[in-house]
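To keep things clear, I will list the structure first and then write my remarks on it.
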Amino acid sequence: MLHRDVIDTELLPPGERFGMWLDLVARTAAPLRMRSAHADDFAARAEIIGLGPIQLVRYRYPSLDAVRTAKLARQTEVDYFLLALTTTGTGASGQAGRHSVVGPGEFTFYDGSRPHEVSHLGEDDGRASASSIVALIPYGALPLPPERLAPLLAGRMSGTEGVGALLAQYLVQLTGASEQYHAADADRLGAVGLDLISTLLGRHLVAEDEVPREVRRRALLSQVRGYIQRHLGDAALSPQRVADAHHVSVRTLHRLFESEATTVAAYVRDLRLDRCRRDLADPASAHRPIQAIAARWGFPDKAHFSRAFRAAYGTTPQAYRAEHGEQARIVNRTASTINSGPTY
């Protein structure tokens, strides 16, 4: 699984928790001065995941106010940008003369080499905890120069539509289920995150052409794949519908998949067949008719599904289910025999 460092102040007595948190913040890439009305019992948690060039931190904490002074900014050895997604509570930020208030599902952007201020109020008028996910990005990792990004500082960006929604899903999924990913994939996952971040920032600058073409291509491909996976069960899903959903031409969509050694239609078909195959081998789905499984994943025509399944796996759906159902029964019988013996 991905390596993850966890800091949980609730492991300490209440009176020591805020001091622990201040020490943590002081050792981050962008240290802050901080104060909180909950300093006497600061129940907070941080989960830190390194992904090659970038770092993700999932935070939960009581309401707080923080400031990065000019002195702290000068003391930092490596300059970072910070992209913060508010997940609960209400945040307020200020940098370079701009101020904004962000709610759940919204991003704000900072330059860690400059002074800035941030407040985060938990829900229920501050009585509940606040939470956020922050991406720390070294200056050189983004394909856009720092001065070009200045108009975005302390601004608001949506995390509920377009590339912003895809990036928000990426951050929430990756930090919330890091055990599902392999450590060997960290660099590649970080590259995907950088592509999405670069594209989001470029679009909000209305300067997408400044983002390298390959970065934009990979970001669009990730967005298209996510859309297809969410709509696999729609039998009417087509290249035209996918293209329309992403405001590109069908020709552009087909070109996008050329470097993937597949086509849009083949990608959709292969995903659908894989979902059907997994359901057919799953004992929990043994009671479901084969045609119901096929229809669930976008194959309303029984004959077409059978032909496609045989072409992909060299057997019929019925035979595949029978073979894997028998394997599951053998495994279960063996497990039952092993577990039925005496325990010591």
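The values are calculated or read from the model by the stated rules, or taken from the named source; none is laboratory data. Worth saying up front: this structure is predicted, and the values here are computed from it rather than measured. Counting neighbours? That spans all protein chains shown, and the Cβs are built from the backbone with ideal geometry, glycine included. Please note that ligands, DNA and RNA were not included when accessible areas were found on the heavy atoms of the full protein model with its side chains. Shrake-Rupley method; radii C 1.70, N 1.55, O 1.52, S 1.80 Å.
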Looking at 259, 198, 238, can you tell me which residue is open to solvent by 60 Å² or more (accessible area, probe 1.4 Å) and either among the hydroxyl-bearing types (Ser, Thr, Tyr) or touching a Phe, Trp or Tyr at 6+ places or on another chain (Cβ under 8 Å) (or both)? 259
Determine if segment 304-314 includes at least one residue that is more than 31 Å from the chain's Cα centre (by Cα) and on the phi > 0 side of the Ramachandran plot. yes
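Against the definition (touching an Asp or Glu at 6+ places or on another chain (Cβ under 9 Å) and open to solvent by 20 Å² or more (accessible area, probe 1.4 Å)), how does residue 127 come out, yes or no? So that I can check it myself, show each step before the final result.
Values: touching an Asp or Glu at 6+ places or on another chain (Cβ under 9 Å): no; open to solvent by 20 Å² or more (accessible area, probe 1.4 Å): yes.
In short, no.
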Scan segment 225-257 for residues that are closer than 22 Å to residue 294 by Cβ and aliphatic (A, V, I, L, M) and jot them down. 228, 232, 235, 236, 237, 242
Is one or more of the residues making up segment 287-308 in a helix (DSSP H, G or I), open to solvent by less than 80 Å² (accessible area, probe 1.4 Å) and aromatic (Phe, Trp, Tyr)? yes
Among the residues of segment 311-324, are any over 23 Å from residue 237 (Cα atoms), of a type in the set (Asp, Glu) and out of contact with any helix residue (DSSP H, G or I) (no Cβ under 8 Å at 6 or more places or on another chain)? yes
Residue within segment 186-209 that is over 28 Å from residue 60 (Cβ atoms), in contact (Cβ under 8 Å) with a residue 40 or more places away in the chain, in a helix (DSSP H, G or I) and not hydroxyl-bearing (Ser, Thr, Tyr) present: yes
Restricting attention to segment 157-178, the residues that are open to solvent by 40 Å² or more (accessible area, probe 1.4 Å), at pLDDT 90 or above and assigned to a helix (DSSP H, G or I) number exactly 4
Total residues in segment 86-106, condition under 18 Å from residue 169 (Cα atoms) and open to solvent by 30 Å² or more (accessible area, probe 1.4 Å): 4
Just a yes or no: is a residue in segment 267-279 at pLDDT below 90 and part of a helix (DSSP H, G or I)? no
For segment 62-85, give me each residue that is open to solvent by less than 20 Å² (accessible area, probe 1.4 Å) and not hydrophobic (A, V, I, L, M, F, W, C). 62, 63, 68
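Residues 114, 58: which one is more than 18 Å from residue 200 (Cβ to Cβ), at pLDDT 95 or above and of a type outside the set (Val, Ile, Thr)?
Values: 114 fails: at pLDDT 95 or above.
After applying the criteria, what remains is 58.
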Taking segment 1-32, which residues are within 30 Å of residue 182 (Cβ to Cβ), hydrophobic (A, V, I, L, M, F, W, C) and not in a helix (DSSP H, G or I)? 1, 2, 6, 7, 29, 30
For the subset of segment 269-286 comprising residues that are of a type outside the set (Gly, Ala, Ser) and open to solvent by less than 30 Å² (accessible area, probe 1.4 Å), which member is farthest from residue 229 (Cα to Cα)? 280
